[in-house]
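Here the structure is laid out as structure tokens; the discussion comes afterwards.
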Amino acid sequence: MVLAINADNDGRSKIREYVKEEGLQQKMLLRGDGVGFQQYHIKRMPTVYFVDRKGVLVSRSPGYQDFADLEKSLKSTLRR
């Protein structure tokens, strides 16, 4: 499962518009209030977290990653 976290204070309608425009399929956490920065220790956006099937954080990668790097990290996570 993929989960996106809205780290700022954009309203639901703005987020829904963005998700529709970008064709995103993942679930979105819409809490805002800087939740991503405060609770998930995000220093850069985007930040990608891979969590294994047991709920253990496998990796945290701040900043943009190309598809090949994301695929490599995902495959590594799925092998756990």
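Taking 0.36 nm per residue of sequence separation and removing the Cα-Cα distance, the R60/K72 pair yields an extension gain of 3.0 nm. Which of K27/K54; K14/K54; K27/K75; K20/K43 have a Cα-Cα distance over 24 Å? Violating the 24 Å limit, Cα to Cα: K14/K54; K20/K43.
Label-to-label distance for R80 and D52 is 0.6 nm, based on points extended 7 Å past Cα in the beta-carbon direction.
Other residues within the sphere of radius under 10 Å centred on the Cβ of P62, judged by their own Cβ, net out at +3 (K and R +1, D and E -1).
Only the coordinates and a few stated rules stand behind these numbers; no lab work does. Quick caveat, the model's predicted, so the values are computed rather than measured. Positions of Cβ are backbone-derived with ideal geometry, glycine not excepted, and every protein chain shown enters the neighbour counts.
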